[in-house]
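Just below is one structure, and these are the notes that go with it.
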Amino acid sequence: ANIDNGTVALNIGIIGGTGIANPDILENQREKDVDTPYGKPSDKLICGTIGGVECALLARHGRGHTILPSDVNYRANVWAMKQEGCTHLLVTTACGSLREDIHPGDIAVLDQFIDRTHKRLQTFYDGTAAAPVGICHISMAEPFCTRTRKILYDSSKELGFGCRDTGTAVTIEGPRFSSKAESKLWRAWGGHIVNMTTVPEVVLANEVGLCYGAIALVTDYDSWRDDEESVSVDSVLKTFKENSIKAQKIFLKSIPKIAQQSWGETLKSNQELIKNNTLMPST
Ligand code: ADE
């Protein structure tokens, strides 16, 4: 294990979204077929190291990209990472831009979300036998790990990529894209990008105390622009091919930086937040 400051064994979970499930970024690869109390994750974990740091990689939609955003077992995916000993969860997410100045090919390190999903399980605390005890009203004021975000942003800048250090994601249920009226509404609400997977993934990561950072890879202008062709699968995949390599480079640069810092206090305060927001059954 990688020992942070002599106190915490770091392990970095990576969830690759559309177009990003390239295991080549890992050295000493081995596949691991895991199960969780919430079912099977989207695929086998690919465990290995980046710059000597233990990592576990998972393809969010399965390696063949066969799982719909609504059907991803987010709970199994996040639990599998926690079970693996992960302290951090770094993810990519393909998204549409809701702003003129956020261009296809750009990157946003997310700091907020607006939840427009409606059929996804968002808690581990569901009263089933294997679930953690109590009811957890996890705080979502700051859903993304500030320290992890800074590392992802700094790495991205050093690599010379067009990148924002903040961004509000509007997460829609999908699989359809937004109508023009919806897209304009997301803009009026203050959204910067629109995607289909940040919720509930970030919520669940918080419920188990992981430091969660998300790189949003902009593939299109969604459908709000009157002067631009609306989003299509074609445009998403084309831009993605050109840009997925960026996310890999950011991870390769960020992970050794994460390992150089000490995370004991941050991880402890994550756990305290969970404890303080969990109601235990009264006796
Ligand atoms: N993923 C990539 N582009 C998207 C868009 N415009 N809306 C929702 N999810 C997306």
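The values are calculated or read from the model by the stated rules, or taken from the named source; none is laboratory data. Fair warning: this is a prediction, and the values are worked out from it, not measured in the lab. Here Cβ is always computed from backbone atoms with ideal geometry, including for glycine, and neighbour counts include all displayed protein chains.
Worth pointing out:
- When Ser179, Ser183, Ser244 are screened for being within 9 Å of the ligand (Cβ to nearest atom) and among the hydroxyl-bearing types (Ser, Thr, Tyr), only Ser183 passes.
- Note on the range 77-140: enclosed strands (runs of 3 or more DSSP E) holding 2 or more residues that are away from the ligand (no atom under 15 Å from the Cβ) and either surrounded by 15 or more Cβ atoms within 10 Å (Cβ to Cβ) or among the small types (Gly, Ala, Ser) (or both) are 88-97.
- Among the conditions (1) among the small types (Gly, Ala, Ser); (2) in a helix (DSSP H, G or I); (3) buried (at least 17 other Cβ atoms within 10 Å of the Cβ), the only one that Ser269 does not satisfy is (3).
- Within the range 200-225, if we keep just the residues that are more than 16 Å from the ligand (Cβ to nearest atom) and among the aliphatic types (A, V, I, L, M), the residue that is surrounded by the most Cβ atoms within 10 Å (Cβ to Cβ) turns out to be Ala205.
- Candidate set: the range 156-174, residues that are part of a helix (DSSP H, G or I) and in contact (Cβ under 8 Å) with a residue 12 or more places away in the chain; chosen: the one surrounded by the most Cβ atoms within 10 Å (Cβ to Cβ): Ser156
Residue-wise test of (1) more than 23 Å from Pro143 (Cα to Cα); (2) modelled with pLDDT of 95 or more; (3) not in a helix (DSSP H, G or I).
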| residue | (1), (2), (3) |
| --- | --- |
| Leu204 | no, yes, no |
| Trp224 | yes, yes, yes |
| Glu229 | yes, no, yes |
| Ala259 | no, yes, no |
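- For the condition more than 22 Å from Asp101 (Cα to Cα), at pLDDT below 95 and of a type outside the set (Phe, Trp, Tyr), Pro281 qualifies.
- Complete set of residues in the range 178-202 that are part of a helix (DSSP H, G or I) and among the aliphatic types (A, V, I, L, M): Ala181, Leu185, Ala188, Val199, Val202
- The requirement of being outside any loop (DSSP other than H, G, I, E, B), surrounded by fewer than 24 Cβ atoms within 10 Å (Cβ to Cβ) and among the hydroxyl-bearing types (Ser, Thr, Tyr) is satisfied by Tyr153.
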